[in-house]
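The values are calculated or read from the model by the stated rules, or taken from the named source; none is laboratory data. Predicted model only: the values in this text are computed from it and were never measured. Methodologically, a virtual Cβ is constructed for each residue, glycine included, from the backbone with ideal geometry; neighbour enumeration extends over all protein chains shown. Ligands, DNA and RNA are stripped out before the accessible areas are found, and what is left, the full protein with its side chains, is counted by its heavy atoms. Shrake-Rupley method; radii C 1.70, N 1.55, O 1.52, S 1.80 Å.
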Amino acid sequence: MDNHLDHMPVLSRGRHRNPKRGACFMELASYLAGERWSDHPACTHPLLAALARLVNDNVGDESRAKLVGLVPSIIGLSSDDLRVDARIALRCATTALPVAAAERQLALAVSVLAAEEMLARLDGLPSGRLSERSRRAMEEVPHAAEQARRFSRAARITPKGFRRYAAPNAVQLSVVGIVQACIPDPDALLRGLLEETIADCAALIRGPETETTTVAAAPARV
């Protein structure tokens, strides 16, 4: 492995004015992509970038250092296809729903149904169908799932509303739900969520045969 990673900015929470002050996940992506220094680079889908920033800011320092290897795999994953937003929202909500506290389960279950509904519309499939992953997640929280179904029958979201509000809310709620969940290692679940979401986006944008390319994580600095 090349040693150039030793000279790159160190991952830390929040935004940074320049690389000398450190970098968040997406600022490092902008650096590697050769873009202007930014935590909102053009090289990555905005919702995927939002998830990466949230994971970066909500894991511990040791776990954050291990995220470096994922940064190259997020570069170039950009698309206007609403399916990408829906897949990101669905992956996040189905990951968080089984572990989230009871007070967050209804909103997450509604997010699952909204993402599935949007995918069904985009793919010309019958409304109300659930993927196996969504079905299993909803079965973990039967009371919230039933409430979510009643709510969703009375509300019809538009594609614009889904992209602007529902999908970003699903990502935000999911990360907060995982961070606050009573589980042994929320950092590991957040990292796994980011890895799986990157893989989902790569398959949609580049094709199902795409393999996510990663590099070895740089050691944490002291």
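Brief remarks follow.
- Scope the range 56-75; condition open to solvent by 10 Å² or more (accessible area, probe 1.4 Å) and of a type in the set (D, E, K, R); matching residues: D57, D61, E62, K66
- Of all residues in the range 76-94, those that are farther than 17 Å from R53 by Cβ and open to solvent by 20 Å² or more (accessible area, probe 1.4 Å) have Cβ atoms under 7 Å from Cβ atoms of residues that are of a type outside the set (A, V, I, L, M) and not in a helix (DSSP H, G or I), 6 or more apart or on another chain, in G76/C43; S79/H45.
- Any hit, the range 44-55, residues being free of Cβ contacts under 8 Å to residues at least 60 places away in the same chain, hydrophobic (A, V, I, L, M, F, W, C) and crowded, with 22+ Cβ neighbours inside 10 Å: yes
- As for the range 204-217, it holds no residue that is of a type in the set (D, E), closer than 22 Å to G69 by Cα, open to solvent by 40 Å² or more (accessible area, probe 1.4 Å) and at pLDDT 95 or above.
- Enumeration of residues in the range 160-190 that are open to solvent by 70 Å² or more (accessible area, probe 1.4 Å) and over 14 Å from V112 (Cβ atoms): K160, R163, R164, Y165, Q172, Q180, C182, P184, D185
- Screening G14 with (1) modelled with pLDDT of 90 or more; (2) part of a loop (DSSP other than H, G, I, E, B) gives one miss only, at (1).
- With respect to the stated conditions, F151 fails to be part of a helix (DSSP H, G or I), on the phi < 0 side of the Ramachandran plot, open to solvent by less than 70 Å² (accessible area, probe 1.4 Å) and aromatic (F, W, Y).
- Residue count for the range 96-137, restricted to those that are open to solvent by less than 70 Å² (accessible area, probe 1.4 Å), among the hydrophobic types (A, V, I, L, M, F, W, C) and part of a loop (DSSP other than H, G, I, E, B): 5
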